[in-house]
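K.L.:
Right, I'll just put the structure down here and ask away after.
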Amino acid sequence: MKDTTTLRDLFTEELQDILHGERQLVKALPKMAKAATSPDLRDALQNHLAETEEHVARIEQAFDLLDESAKTKVCAGLQGIIEEGSNAIKEHDKGAALDAAIIAGGQRAEHYEIAVYGTLTAWAKALGHDDIAALLSDTLEEEKAADEKLTELAEAGINDAAQSSRGANAEDEGEDEGEEDEEREQAAGRGNGREMASAGASSRGRNRSTQGQKSNSKGRSQK
Ligand SMILES: [Fe+2]
Ligand SMILES: [Fe+2]
């Protein structure tokens, strides 16, 4: 069968997909902000909600410039990321550890969006739509800034707070002092292994990969 799909077809489909994704994020971000304990994290999520509403408006503008109606196509990728985030909010009590989980989920969404807008900006240029490329590139920069802001908040205290809140809980559980010391020693020994699965350590790993991802996206050809 002859493939008659054009780049322009793909571009429209991807715009429909990300329009659906951005609209889902407009609904999810207020829930994430409400679940956050850190006032700085709440502010960052609320600021990004305002930007996300603008992202929706820019895609609608792109459809206008293409002389097409702004239809949507289910964005299964962001839908899955949002669903995982909302499960984390349901499953964990409010506090620093949930804040670290909210950051982790938020960064997954930002990385997804960075990939999408990098591609779409390049495709808009290839199609000779510099006007649309400029719109999408503004969004791309805001997604990168949002990702960096989340890294900054994680590293400026939320990961550490999540780590110490876990320590406090472990101490509360120990009844006998001798037992507590023994438990601490064991915890120190187990720490390294267990740390790999903890929210704090995984966020550190994630933030490092965020930095790596950032430099990859800078070096990407689609920029
Ligand atoms: Fe966005
Ligand atoms: Fe975003």
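The values are calculated or read from the model by the stated rules, or taken from the named source; none is laboratory data. All of these numbers come straight from a predicted model, not from anything done at the bench. Glycine gets a Cβ as well: all are built from the backbone with ideal geometry, and neighbour counts include every protein chain shown.
K.L.:
Can you confirm whether the stretch 89-98 contains a residue that is modelled with pLDDT of 95 or more, surrounded by fewer than 21 Cβ atoms within 10 Å (Cβ to Cβ), within 13 Å of ligand 1 (Cβ to nearest atom) and not basic (Lys, Arg)?
P.N.:
no
K.L.:
Mind checking which pairs have a first residue in the stretch 10-22 that is under 17 Å from Ala50 (Cα atoms) and within 16 Å of ligand 2 (Cβ to nearest atom) and a second that is among the small types (Gly, Ala, Ser) and assigned to a helix (DSSP H, G or I), Cβ under 8 Å, 6 or more apart or different chains?
P.N.:
Gly21/Gly77
K.L.:
Right, something else. Checking Ala62 against (1) buried (at least 21 other Cβ atoms within 10 Å of the Cβ); (2) closer than 15 Å to Thr139 by Cα; (3) within 11 Å of ligand 2 (Cβ to nearest atom), which single condition isn't satisfied?
P.N.:
Ala62 satisfies all of (1) buried (at least 21 other Cβ atoms within 10 Å of the Cβ); (2) closer than 15 Å to Thr139 by Cα; (3) within 11 Å of ligand 2 (Cβ to nearest atom) except (3).
K.L.:
From the list Ala115, Ala109, Ala124, pick out the single residue that is of a type in the set (A, V, I, L, M), more than 15 Å from ligand 2 (Cβ to nearest atom), at pLDDT 95 or above and under 15 Å from Ile18 (Cα atoms). Steps first, answer last, please.
P.N.:
Working: Ala115 fails: more than 15 Å from ligand 2 (Cβ to nearest atom); Ala109 fails: more than 15 Å from ligand 2 (Cβ to nearest atom).
So the residue among Ala115, Ala109, Ala124 that is of a type in the set (A, V, I, L, M), more than 15 Å from ligand 2 (Cβ to nearest atom), at pLDDT 95 or above and under 15 Å from Ile18 (Cα atoms) is Ala124.
K.L.:
Only residues that are within 16 Å of ligand 1 (Cβ to nearest atom) and in contact (Cβ under 8 Å) with a residue 12 or more places away in the chain: list them for the stretch 125-143, please.
P.N.:
Ile132, Leu135, Leu136, Ser137, Asp138, Thr139, Leu140, Glu142, Glu143 - these are the residues of the stretch 125-143 that are within 16 Å of ligand 1 (Cβ to nearest atom) and in contact (Cβ under 8 Å) with a residue 12 or more places away in the chain.
K.L.:
Against the definition (loosely packed, with under 14 Cβ neighbours inside 10 Å and over 18 Å from Leu135 (Cα atoms)), how does Thr5 come out, yes or no? If you could, list the steps in order and put the result at the bottom.
P.N.:
Values: loosely packed, with under 14 Cβ neighbours inside 10 Å: yes; over 18 Å from Leu135 (Cα atoms): yes.
Against the criterion (loosely packed, with under 14 Cβ neighbours inside 10 Å and over 18 Å from Leu135 (Cα atoms)), Thr5 qualifies.
K.L.:
State all residues of the stretch 32-63 that are assigned to a helix (DSSP H, G or I), more than 16 Å from ligand 1 (Cβ to nearest atom) and closer than 16 Å to Leu150 by Cβ; if no residue qualifies, say none.
P.N.:
Ala35, Pro39, Asp40, Leu41, Arg42, Asp43
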